[in-house]
Amino acid sequence: MLHQYIFDHYRAKQPQREVAFPRFDEVRSVLILFESDLIEKNDTIKAIAQDLAQYDKDVVLWGYCPKKEITSPILPQLRIVGTKDYNIFGVPKQQLIADLQKRQYDLLIDLTQHQSLPLAYLAMYAKAHFKTGMAIQTGIHDLLISTPPQDTPLFLYQQIVKYLNMIKPC
């Protein structure tokens, strides 16, 4: 409860940003946020990244794994963060925010399927022109998709791409 209160406080302090609905074919850079599995393998997420790469998109993956020691190396295109990257109140450390904000993205795809404040912070602090994800955390994303909780991240990704291709900005 306290962690949610603190998150809401930080979210309220965020400056308003200009939202630009993207044409999917014009998107060049994509940030994908996801819940990492405990062994940090994430085959489904990597398959989604490969699918986006076929559309000539530059894809960066950031995942959260709820453990202290992360065994995956920090790579330019893939980073998994853990509980050590957040303070006792669940707020990301300044270095993590700085690393996340080094780049501007055309599109953020949040594949989080459960309430996750660590990933909600990443979505909030990410510099992206347009943010989309599942309808579990309000006030961060520009486009929310509702799917049954038992669906996979792959299905959520397919739905997001489907709607981005259907809706044409003026």
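Which percent, nearest 5, of DSSP beta bridges in the chain are antiparallel?
Counting DSSP beta bridges with both partners in the chain, the antiparallel share is about 5 percent.
What accessible area, in Å² to the nearest ten, does a 1.4 Å probe give for D142?
In the full protein context, D142 sits at about 60 Å².
Starting from the Cα of K93, draw a straight line to each of the aspartates and glutamates and keep only those under 16 Å, dropping any in the same chain fewer than 8 residues away.
E69, D85
Would you mind getting the accessible area per residue of the stretch 69-129, heavy atoms of the protein chains only, 1.4 Å probe, in Å²?
47 Å²
Hey, rough spin-label estimate for Q14 and K46, points 7 angstrom out along Cα→Cβ, what's it come to in nanometres?
The two pseudo-label positions are separated by 3.0 nm.
Taking the full set of protein chains and a 1.4 angstrom probe, give the accessible area of V59 in square angstrom, rounded to the nearest 10.
20 Å²
Nearest 0.05, what FRET efficiency do K93 and D25 give at R0 = 45 Å with Cβ-Cβ as r? Don't skip to the end; give the middle numbers.
Details: r = 37 Å, r/R0 = 0.82.
The pair K93/D25 has a calculated efficiency of 0.75.
In the structure shown, do any of K13/K57; K13/K102; K41/K102; K57/K84; K13/K68; K57/K131 have a Cα-Cα gap over 22 Å, and if so which?
Pairs exceeding the cut-off: K13/K57; K41/K102; K57/K84; K13/K68.
How much length is gained on full extension from Q115 to Y55, taking 0.36 nm per residue of separation minus their Cα-Cα distance?
18.6 nm
Under a point-charge model restricted to the Cβ atoms of Lys and Arg (+1) and Asp and Glu (-1), what is the dipole moment magnitude of the stretch 104-170 relative to its Cα centre, in debye to the nearest 20?
Numbers: 4 positive and 4 negative charges, 25 e Å.
That gives a dipole near 120 debye.
Skipping prolines and chain starts, which residues have an amide H placed within reach, meaning under 5 Å, of the one on V81, given they are 5 or more residues away or on another chain?
Amide H neighbours of V81: G63, Y64, C65.
Can you list residues whose amide H is under 5 Å from I145's amide H, if they're 5+ apart or on another chain and H is modeled 1.01 Å from N?
Close amide H contacts, sequence-distant or interchain: G133, M134, A135.
Could you tally the net charge around T132, taking each other residue with its Cβ under 12 Å from the Cβ of T132, Lys/Arg +1 and Asp/Glu -1? The partial results should precede the final answer.
Working: positive: K131, K162; negative: D106, D110, D142.
Spelling it out: positives minus negatives among the neighbours equals -1.
Which residue, P76, P92, Q158, has the largest displacement toward the positive end of the dipole of the stretch 36-170 when charges sit on each Cβ (Lys, Arg +1; Asp, Glu -1)?
Towards the positive end, the residue furthest out is P92.
Are there trypsin sites (Lys or Arg not before Pro) in the stretch 84-170 that DSSP puts in a loop and that have at most 11 other Cβ atoms within 10 Å, and which ones?
K102
Using a 7 Å offset from the Cα along the Cα-to-Cβ direction at both I39 and K84, what is the distance between the two label points in nm, to one decimal?
My value for the distance between the label points is 2.2 nm.
Once you charge only the Cβ atoms, +1 for Lys and Arg and -1 for Asp and Glu, what is the size of the charge dipole of the chain about its Cα centre, to the nearest 20 debye?
Numbers: 19 positive and 18 negative charges, 83 e Å.
Roughly 400 debye for the chain.
Please give the charge dipole size of the stretch 50-129, origin at the Cα centre, charges +1 on K and R Cβ atoms and -1 on D and E Cβ atoms. Round to the nearest 20 debye.
340 debye
Taking GluC sites (Glu not before Pro) as exposed when DSSP calls them loop (any state but H, G, I, E, B) and at most 13 other Cβ atoms lie within 10 Å, what is the longest stretch of the chain free of them, the sites themselves excluded?
That would be 70-170.
The values are calculated or read from the model by the stated rules, or taken from the named source; none is laboratory data. Just so it is clear, the model here is predicted, and its values are computed rather than measured. Cβ atoms come from the backbone with ideal geometry, glycine included; neighbour counts cover every protein chain shown. The accessibility values were calculated without ligands, DNA or RNA, using every heavy atom of the protein model including side chains. Shrake-Rupley method; radii C 1.70, N 1.55, O 1.52, S 1.80 Å.
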